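The values are calculated or read from the model by the stated rules, or taken from the named source; none is laboratory data. Bear in mind the structure is a predicted one, so any value in this text is a computation, not a measurement. In this analysis, Cβ positions are derived from the backbone assuming ideal geometry, glycine residues included, and neighbour counts consider all displayed protein chains. Remember, those area values only see protein heavy atoms, side chains included, never the ligands or the DNA or RNA. Shrake-Rupley method; radii C 1.70, N 1.55, O 1.52, S 1.80 Å.
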Amino acid sequence: NWILSVEIFQHHINAGCLASLNCSFGGSMLISWFDASEAQEFGKYIAEMYSVTHSIIAQKKEKASTVDKRVKLLGKLTLDVRQFGQTHRLNIYKKAKLGNVFKWTLLDKGYDTVFVDALTKEVILALK
């Protein structure tokens, strides 16, 4: 409710604790809601893991086993993301930060934008 949000904001101003967000009126909850550092670290980790494993698979000469290994890699990625999502309380902000770090880590490594967008969508959907 917008009115309630204004009242809470006004309380923080009146209490003089808006800058530090350490007010007893939900300050620590507000801080934890925006603390996406763990989600961002995990997003970077899975992007790095995917990139390294994908590079190893791409160097293989056998075509049939390469496809199987890529399918297994995607399955492993999805499983890791699901497990992380089940063991961590992720709000929409934290999910977005995880996805953003994952996406940009892969884009910075030179992966195709369309491919990275599709893979990022799979990662976000696995968090649900």
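Here are the numbers for the structure shown:
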item	result
Test: residue in the range 89-98 that is at pLDDT 95 or above and of a type in the set (Phe, Trp, Tyr)	no
Residues of the range 50-98 satisfying the condition of being under 22 Å from LEU125 (Cβ atoms) and of a type in the set (Gly, Ala, Ser)	SER51, GLY75, GLY85, ALA96
Residue match in the range 99-122 (condition: open to solvent by 70 Å² or more (accessible area, probe 1.4 Å), part of a loop (DSSP other than H, G, I, E, B), of a type outside the set (Asp, Glu) and out of contact with any His (no Cβ under 8 Å at 6 or more places or on another chain))	yes
Pair list, Cβ under 8 Å, 6 or more apart: the range 70-98 residue farther than 13 Å from MET49 by Cβ, other residue in a helix (DSSP H, G or I) and polar (S, T, N, Q)	LYS97/GLN40; LEU98/GLN40
Residue match in the range 60-80 (condition: of a type in the set (Gly, Ala, Ser), modelled with pLDDT of 95 or more and either out of contact with any helix residue (DSSP H, G or I) (no Cβ under 9 Å at 6 or more places or on another chain) or open to solvent by 60 Å² or more (accessible area, probe 1.4 Å) (or both))	no
Check on GLY85, under 23 Å from GLU38 (Cβ atoms) and either open to solvent by less than 60 Å² (accessible area, probe 1.4 Å) or of a type in the set (Asp, Glu) (or both)	yes
Which listed residue, of SER37, SER28, SER55, SER20, is among the small types (Gly, Ala, Ser), out of contact with any His (no Cβ under 6 Å at 6 or more places or on another chain), at pLDDT below 85 and exposed (fewer than 11 other Cβ atoms within 10 Å of the Cβ)	SER20
